[in-house]
Amino acid sequence: MTWKFSFIASSAPDAQAAAVHLAALYGNTRPQEADIIVALGGDGFMLQTLHEQMNSGRAVYGMNRGSVGFLMNDYSDEDLPGRIAAAVENIIRPLEMTARDAHGATHTALAINEVSLLRQSYQAAKLKLSIDGQMRMEELICDGLMVATPAGSTAYNLSAHGPILPLDAQLLALTPVSPFRPRRWRGALLPNKVKVTIDVLEPEKRPVNAVADHIEVKSVTQVQVAESKESTTRILTDSSHSWNDRILAEQFLY
């Protein structure tokens, strides 16, 4: 099969140079006319590209030309069509965040990695947690709280000591950031079909922001998070080092 490639790059000089080089080797076309999007950069650029290609039907194959490359394949200019033909496709279903702010406005956004709530001031956040309409924690005092997908479990979630989830796990990670009370609570694993509702208690005294990947809503009073039923994005990983292999290996790193 002959694919039409679109090479896109972050602003990093190495990424820009790689895009020019690969386009000369394999040809280049506009993203909307391509079969495969080849993203050159780091994880942040890959996340941005996956959002841009949401529901487009086009798969994204990333090669690392940035500082962090967990989502990326190793860079090589050799036999790109062969690598892509042998690649493993992962279909990612993002989280959908619905956030209500202090003015009563409602905001929606999609998150491939996680939806996080973070304190806005020196005051710790005070939150109430409900799962599928049933209150599970009356009061959580913390710096923040996140709902992470398996794809995002090795990102901010891991830094907050949350669990690493295999990509095919039908689970979401509910992970607190610096919990103060209850101090020993380390989060929960949830079925991926539930709806998580987080109410901000004392929002004027303890303001909280909500973030879905790179979309931030300030001064929220309530946030609902559920896996999207309609949206998907596609990512390709080398068969010799699949995403599941990477996640498994990450659990044995020190």
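Values quoted throughout were computed directly from the atomic coordinates according to the rules given, and no laboratory measurement underlies them. The structure presented is a predicted model; accordingly, all values stated were derived computationally and were not measured. Cβ sites come from the backbone with ideal geometry, for glycine too, and all protein chains shown count toward neighbours.
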Task: the chain: relative contact order in percent, alpha carbon pairs under 8 Å with at least 6 residues between - done: 21
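Among residues other than E230 whose Cβ falls under 12 Å from its Cβ, what is the net charge (Lys/Arg +1, Asp/Glu -1)? Don't jump to the answer; show the numbers that get you there.
Working: positive: R93, K229; negative: E96, E227.
Within the 12 Å Cβ shell, the charges total 0.
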Task: At 1.002 mPa s and 20 °C, Stokes D of the stretch 100-170 from Kirkwood alpha-carbon radius, µm² per second - done: 154
Open item on the list: For a quick check, take a GNM of the chain with Cα springs below 10 Å and name the residue from E227, E204, E216 with the largest mean-square fluctuation.
Closed with: E204
- [ ] Past 32 Å, Cα to Cα, is the threshold; run K128/K229; K4/K195; K126/K193 against it and keep the listed order.
- [x] K4/K195
TODO: Would you be so kind as to identify which of S159, P179, V223 lies farthest towards the positive end of the dipole of the stretch 134-227, taking Lys and Arg as +1 and Asp and Glu as -1 on Cβ and the Cα centre as origin?
DONE: P179
Open item on the list: How many angstrom lie between the Cα centre of the stretch 153-180 and the Cα centre of the stretch 190-240?
Closed with: 13
- [ ] For the chain, just list the percent of Cα-Cα distances falling in each 5 Å bin from zero outward, please.
- [x] 1, 6, 13, 16, 17, 14, 11, 9, 6, 4, 2, 0, 0
Task: Charge tally in the Cβ shell below 14 Å around N244, where Lys, Arg are +1 and Asp, Glu are -1, N244 excluded - done: -4
Task: Mean ellipticity per residue at 222 nm, deg cm²/dmol - from DSSP H runs of n ≥ 4 across the chain, formula -39500 (n - 2.57) - done: -4500 deg cm²/dmol
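Calculate the all-directions average of the projected area of the stretch 1-132's alpha-carbon convex hull, and give it in nm².
11.5
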TODO: Pick out, in residue order, every one of the chymotrypsin sites (Phe, Trp or Tyr not before Pro) in the stretch 126-204 that is DSSP loop and has at most 16 other C-beta atoms within 10 Å; say none if there are none.
DONE: F180, W185
Task: Cβ-placed point charges (K, R +1; D, E -1), dipole of the chain about Cα centre in debye, nearest 20 - done: 880
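Just to confirm a number: summing +1 for Lys and Arg and -1 for Asp and Glu over residues other than A155 whose beta-carbon lies under 15 angstrom from that of A155, what do you get?
For residues surrounding A155, the net value is -3.
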- [ ] Compute the long axis of helix 13-26 from its Cα atoms, compare it with the longest principal axis of the Cα atoms of the chain, and write down the angle in degrees, 0 to 90, nearest 10.
- [x] 40
- [ ] Round to the nearest 0.05 the FRET efficiency obtained for K205 and W185 when R0 = 30 Å and r is the Cβ-Cβ distance.
- [x] 0.85
